[in-house]
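A short reminder: the numbers here are calculations on the coordinates, not readings from a lab. Just so we're clear, the structure is a prediction, and the values are computed from it rather than from any experiment. Heads up, the Cβs are rebuilt from the backbone with ideal geometry, glycines too, and the neighbour counts pull from every protein chain shown.
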Amino acid sequence: MLNFDPHKWLEEYRRTDPALAELAALAARPAKSANWPIQHSDPGSAPARPARPAKFANPAHWQDQLDSWCAAINRLDISKPAPGIAACRWQSLFRCAEWWMENYAVQAVRDGWGAGDVFGIRPGQPERGGLIDQLGDCRSLMMGDGRARWRSFGIVSTYAAGAYPLLLPFWEGDYAA
């Protein structure tokens, strides 16, 4: 195991090399950035973080949400599309939903994603609904902090939790025009 101490290394070489002496001086200064954490001398003076909404704070809600999604997807048949949804689109939605549930569902529930945000579709507007509808066959998804990001054919797309909470999941409703 390598035991390297950069401060010790800089201390040794700054005596011999003027360029490294300048580097060591810069490294010793505190960062001047908006991202630098604010230090409060009195913990009581630190601003309070806002409380998370109840849907984030209740682990029982998380499990109920996951159970309802799993039950709905388990009832689906890949060979029997909902009325008004083409068979190829239905299969894409079904496969993407299964993949997403295996990889991202737990974190998404904790981040406040709802069924409409994830599984919703807009009648007559393919690939313009919830996350699953927009992802299609793409699997380069990253999720966190209530946002989903993916790249498809060089185009980066973003979708936020709560964007379309009233959309019906693709397995509900009659989408025949």
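Here are some notes:
- Calculated FRET value between VAL106 and CYS138, using beta carbons and R₀ = 22 Å, to 0.05: 0.60
- Two-decimal ratio, region 59-160, of alpha-carbon radius of gyration to 2.2 N^0.38 Å: 1.04
- Residue-span extension gain [LEU66 to ASP145] - 0.36 nm each, minus C-alpha spacing: 26.6 nm
- Net charge dipole size for region 59-160 [Lys, Arg +1 and Asp, Glu -1 on Cβ; Debye, nearest 20]: 300
- Shown in residue order for region 88-97 are the 3J(HN,Hα) couplings computed by the Karplus curve 6.51 cos²θ - 1.76 cosθ + 1.60 at θ = phi - 60°: 5, 5, 4, 5, 5, 4, 4, 5, 5, 4 Hz (x for Gly and Pro).
- At most 16 other Cβ within 10 Å, DSSP loop - trypsin sites (Lys or Arg not before Pro), region 95-177: ARG128, ARG139
- Amide H contacts for SER152 (H built 1.01 Å from N in the peptide plane; partners 5 or more residues away or on another chain; cut-off under 5 Å): SER157.
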